[in-house]
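One structure below.
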Amino acid sequence: MTDNNTKYAVVTGATSGIGFELAKLLASDGYNLAIVGRNQETLNKTAAELNIYGIKIATFNKNLFYQDDIYSLYAELKVSNISPCILINAAGQGLYGRFDQTDLKREIDIVNLNITAVMILTKLFIKDRKDKGHGKILNLASIASTAPGSWHSVYHATKSFILSWSEAIREELKDSDTTITALLPGPTSTDFFNKALMNDSKIMEDWENFSSAEEVAKDGYIAMMNGDDKIISGIRNKLTVTMSNITTDSMAAHRMGEMQKPKSKEE
């Protein structure tokens, strides 16, 4: 067990899916954890599961839809004498449906979670690490970042922002000791699709071929530790991104629309 408070990692979205698998990898490498989530009971359960690794775990019950909670998270880290050397922005949500029919309030919350929270936490992390040595950031993007996503438009757009912005600030920080890595998974067998109300989407017909959260997390973890700029997880997803890169945006939007549109009533 380490008593070194500088060997801490902050993980948002740590209570399930890819975030939880990343937290396990960090813990197995001896990093203390500051895990962030909206439900204290779930955070406590996650901490109990991670205790087997013999590291220190701090839980932070925060709703990252709200800027006050984002800023108070970092304030509480400082009060707890935690200066993390790793930041993993894994929390994110989507909302399925035609944009003219979906819930605008929820979509604004998703923009706040997927973009605003990541921006604020990343800026605070970079400033905190400036005089303290190396730092590593892993931002969860998606292969959705590489193409317009009909029927899932806001989610795709937020991930496009994360990828572009991560690449830009990585270049700005190239002479520093802080690296930024973007992880681009494809469809992954987590609860994301259920929360996004995507159970009636055609993409769910391919569920058995989805990547596992463990596979995606391992790819992202290795890339982050190597200081790589980005990693597309899975050969199949690399091919999907290649296809997106060689077609027009309108063709890519049509292709995604066909993949993600609702199943027909006859089905």
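The values are calculated or read from the model by the stated rules, or taken from the named source; none is laboratory data. These figures come from a predicted structure and were not determined experimentally. Cβ coordinates were reconstructed from backbone atoms using ideal geometry, including for glycine residues, and neighbour counts include every protein chain displayed. Quick note on the areas: whole protein, heavy atoms, side chains included, nothing else; ligands and nucleic acids left out. Shrake-Rupley method; radii C 1.70, N 1.55, O 1.52, S 1.80 Å.
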- Multiply the residue gap between ASP177 and MET243 by 0.36 nm, knock off their C-alpha separation, and tell me the result in nm, one decimal place. 20.3 nm
- Task: Note down the relative contact order for segment 180-267 as a percent, whole number, built from C-alpha pairs under 8 angstrom at least six residues apart.
- Result: 42
- Note on the structure: Mean 1/r over distinct Cα pairs of segment 193-267, inverted to a Kirkwood Rh in Å, yields 14.5
- Query: Using the Cβ atoms and a cut-off under 10 Å, what net charge is assigned to the surroundings of ALA91, where Lys and Arg are +1 and Asp and Glu are -1?
  - Reply: +2
- What angle, in degrees between 0 and 90 and rounded to the nearest 10, separates the Cα long axis of helix 235-245 from the longest principal axis of the Cα atoms of the chain? 70
- Note on the structure: Lys and Arg at +1, Asp and Glu at -1: neighbours of LYS62 with Cβ under 15 Å from its Cβ sum to -3
- Query: Against the longest alpha carbon principal axis of the chain, how many degrees, from 0 to 90 and to the nearest 10, is the axis of helix 213-226 turned?
  - Reply: 50
- Query: Percent of alpha carbon pairs in segment 144-219 separated by more than 15 Å?
  - Reply: 65
- List the equivalent ellipsoid semi-axes of segment 45-99 in whole Å, largest first, each obtained as the square root of 5λ for an eigenvalue λ of the Cα gyration tensor. 26, 18, 10
- Query: Rule-of-thumb check for segment 110-267: C-alpha Rg over 2.2 N^0.38 Å?
  - Reply: 1.10
- Query: In nm², what is the average projected area of the convex hull enclosing the Cα atoms of segment 1-150?
  - Reply: 9.5
- Is there a pair in LYS24/LYS136; LYS56/LYS195; LYS195/LYS261; LYS56/LYS127; LYS7/LYS174 whose C-alpha atoms are over 26 Å apart, and which pairs would that be? LYS56/LYS195
- Item | Cα-based shape type of segment 72-195, given that a ≥ b ≥ c are square roots of the gyration tensor eigenvalues and the cut on a/c is 1.5 | prolate
- Query: Using the Cα gyration tensor of segment 1-88, with a ≥ b ≥ c the square roots of its eigenvalues, what is the shape: rounded (a/c below 1.5), prolate (a/b larger than b/c) or oblate (neither)?
  - Reply: oblate
- Item | Residue-averaged 222 nm ellipticity for the chain, from DSSP H runs of 4+ at -39500 (n - 2.57), nearest 500 | -13500 deg cm²/dmol
- Query: Which order, highest average first, do 115-124, 247-256, 182-191 follow once you tally other Cβ atoms within 10 Å for each residue and take the mean per peptide?
  - Reply: 182-191, 115-124, 247-256
- Message: Tell me the relative contact order for segment 6-83 as a rounded percent, counting alpha carbon contacts under 8 Å between residues six or more apart.
- Response: 28
- Quick one: Kirkwood hydrodynamic radius for the chain, alpha-carbon pairs, angstrom, one decimal? 18.9
- Task: Working with all protein chains in place, sort ASP103, ASP200, ASP69 by solvent-accessible area computed with a 1.4 Å probe, largest first.
- Result: ASP200, ASP103, ASP69
- Message: If N is the number of residues in segment 68-144, what value comes out of its Cα radius of gyration divided by 2.2 N^0.38 Å?
- Response: 1.32
